[in-house]
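First comes the structure, then the notes that go with it.
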Amino acid sequence: MATTPVITDEILAKYEPVIGLEVHVQLLTASKIFCSCSTRFGDPPNSNVCPVCLGMPGALPVLNRKAVEFATLAAMALGCRVNETSIFARKNYFYPDLPKGYQISQYDKPLAEFGAIEIPAGNGTKKIGITRLHLEEDAGKSLHDGFPDAADKTAIDLNRTGVPLAEIVSEPDIRSPDEAYEYLTRLKEIILYTGVSDCNMEEGSLRCDANISVRPRGQKEFGTKTEVKNVNSFRFIQLALEHEIERHIGVIEAGGKITQETRLYNANEGRTYGMRSKEHAHDYRYFPEPDLLPLVVNEAWQDQIRAGLPELPEARRERMRKEYGITAGDAQTLTRSRAMADQFESAAQAAKNPKRVANLVQSELLGRLKAKGLELEQSPVSMAGVASSADLVESGEISGKMLKDLYDLSFERNKDFPAVYDEEGRPKQSRDTSALEKLADEVITANPKQVEQYRAGKKTMLGFFVGQVMKASKGQGNPQLVNEVVTKKLEGGNS
């Protein structure tokens, strides 16, 4: 048996990965796609089921209009062409968590096609094509843990059966695990902005299967692909792809052939394992669903759905940069979620200096939230509170040190910034010129060497003296006034 060679950077460089992603997004409807059962997560097992989603004889599916509207909205946000007529099909396979023995999906006539997502690449961007977005029902869930008496037992929870899914299939345009990560990040961001899903990977609202092959660089034909399923984070998908690329190359370099199969990623071991041979479309015996009419989303309905399309992340970033004078980095952070962007814009429009608000969100708010493990929605300091603090600094009411102290107190007391500012007696910076002159005299007298350097032409020493006076005033001095007083003292020769 051939020994698998060590995969060096030189060997890796000989091959080009080809990656395509299939993302399943649970749509945020209250009821399932073909029946009125609840889609609520976390209910007791098998409590949200009925004859339709259990596939009982004679039970007929009825299409959920809201699921169609959500899937269409997502398709529009991804730049897809929405087909006026699409067809539901039966995808036949036998698995314990699929009670009907088939899944209602779409095959050769999907809801939408030909979209794209732009991702950062080098100094510019790269467009990753989207082949199709189609509607389908979810399967149930097999549970393999929690059986202390027998490790080989499996339980089935069918609550998830029939939950509406939008499956988004990319073109095989992705050429690295990093590009896959960026694509998924942008895709999730766009879907969250539309509000059609919560994209909660822990609850299975967003799941991704990755198809991966490698080929010698310059070769046009694709290599044999494998599919990696059931990976529960974008980071693990990235790691699984890195492992599969090296595994493929190792097999090929050793003279072997890749077997087309489905594999599972073990995050603890950092490797994949074979699960089953990869099915082809003909294995599923697709045929049109006889109990559902063709789905027609006509132009009038599309216009109605399109009216609900929000401003999407990239467009919003560009507008906010121009409108508020903020940096690209600030715009990226502030549009991380639609809620954050909405709150920032509301606060920025009321503030004296929107750019300062953006700076304080980055420097004072987000770091403290991260340190305490809090989400924006749990922050004691609201975005309006950030704007209030920005205005106080802008007007010279408080210094930078006082600002930081008040933010610390806000988080300690779990109160918004304006409330803590009021509790602390609305501290004002000292504008008492005589008091500041006295402090400046003391600092100048105590530092004759630095005075000599300043008067010899080293004007950067001014910052040292201003800092010392601010420290002596315990942060209560107005920085601008301190600067004026110290400059006057040093230039006038008073000591």
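The values are calculated or read from the model by the stated rules, or taken from the named source; none is laboratory data. Here the structure is a predicted model, which is why all the values come from computation and not from measurement. A quick note on method: Cβ atoms are made from the backbone with ideal geometry, for glycine too, and the neighbour counts reach across all protein chains shown.
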Of the criteria (1) in a loop (DSSP other than H, G, I, E, B); (2) farther than 23 Å from GLU311 by Cβ; (3) among the aliphatic types (A, V, I, L, M), which one LEU28 fails: (2)
Criterion violated by ASN414 - all others in (1) touching a helix residue (DSSP H, G or I) at 6+ places or on another chain (Cβ under 7 Å); (2) at pLDDT 85 or above; (3) of a type outside the set (Lys, Arg) satisfied: (1)
Residue that is at pLDDT 95 or above, among the aliphatic types (A, V, I, L, M) and within 20 Å of GLY20 (Cα to Cα), where the choices are LEU135, LEU158: LEU135
Qualifying residue in region 168-184 (condition: at pLDDT below 95, farther than 30 Å from GLY308 by Cα, in contact with a Leu (Cβ under 8 Å, 6 or more places away or on another chain) and of a type outside the set (Ser, Thr, Tyr)): no
Test set (1) buried (at least 17 other Cβ atoms within 10 Å of the Cβ); (2) at pLDDT below 95 - LEU374 fails condition number: (1)
Single match in GLY79, GLY129 (criterion: in the same structural domain as THR194 (by TED's automatic domain parsing) and either assigned to a loop (DSSP other than H, G, I, E, B) or crowded, with 20+ Cβ neighbours inside 10 Å (or both)): GLY79
Per-region count, region 230-258, residues assigned to a strand (DSSP E or B) and buried (at least 18 other Cβ atoms within 10 Å of the Cβ): 1
Matching option when the condition is in the same structural domain as GLY162 (by TED's automatic domain parsing) and over 32 Å from the mean Cα position of the chain (by Cα), among PRO96, PRO17: PRO96
In region 319-345, residue surrounded by the fewest Cβ atoms within 10 Å (Cβ to Cβ) [restricted to those that are aliphatic (A, V, I, L, M) and over 18 Å from LEU369 (Cβ atoms)]: ALA328
Count of residues meeting criterion [without any contact (Cβ under 8 Å) to a residue 40 or more places away in the chain and of a type in the set (S, T, N, Q)] in region 99-115: 2
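Yes or no, residue by residue, for (1) within 26 Å of GLU202 (Cβ to Cβ); (2) among the aromatic types (Phe, Trp, Tyr); (3) assigned to a loop (DSSP other than H, G, I, E, B); (4) in contact with a Phe, Trp or Tyr (Cβ under 8 Å, 6 or more places away or on another chain):
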{"site": "CYS35", "(1), (2), (3), (4)": "yes, no, yes, no"}
{"site": "VAL52", "(1), (2), (3), (4)": "no, no, yes, yes"}
{"site": "LEU60", "(1), (2), (3), (4)": "no, no, yes, no"}
{"site": "LEU63", "(1), (2), (3), (4)": "no, no, yes, yes"}
Residues located in region 97-125, provided they are surrounded by fewer than 18 Cβ atoms within 10 Å (Cβ to Cβ) and not hydrophobic (A, V, I, L, M, F, W, C): ASP97, GLY101, ASP108, LYS109, GLU118, PRO120, GLY122, ASN123, GLY124, THR125
Pairs where the first residue, in region 391-404, is more than 18 Å from ALA419 (Cα to Cα) and touching a residue at least 40 places away in the same chain (Cβ under 8 Å) and the second is part of a loop (DSSP other than H, G, I, E, B) and charged (D, E, K, R), C-beta under 8 Å, 6+ apart: GLU394/LYS352; SER395/LYS352
Criterion violated by ASN414 - all others in (1) over 24 Å from ASN353 (Cβ atoms); (2) assigned by TED's automatic domain parsing to the domain that holds GLN480; (3) not aliphatic (A, V, I, L, M) satisfied: (2)
Conditions (1) at pLDDT below 95; (2) assigned to a strand (DSSP E or B); (3) under 25 Å from GLU253 (Cα atoms); number of the one not met by LYS220: (2)
Some residue of region 287-309 being more than 28 Å from TYR183 (Cβ to Cβ), hydrophobic (A, V, I, L, M, F, W, C), more than 31 Å from the chain's Cα centre (by Cα) and surrounded by 13 or more Cβ atoms within 10 Å (Cβ to Cβ): yes
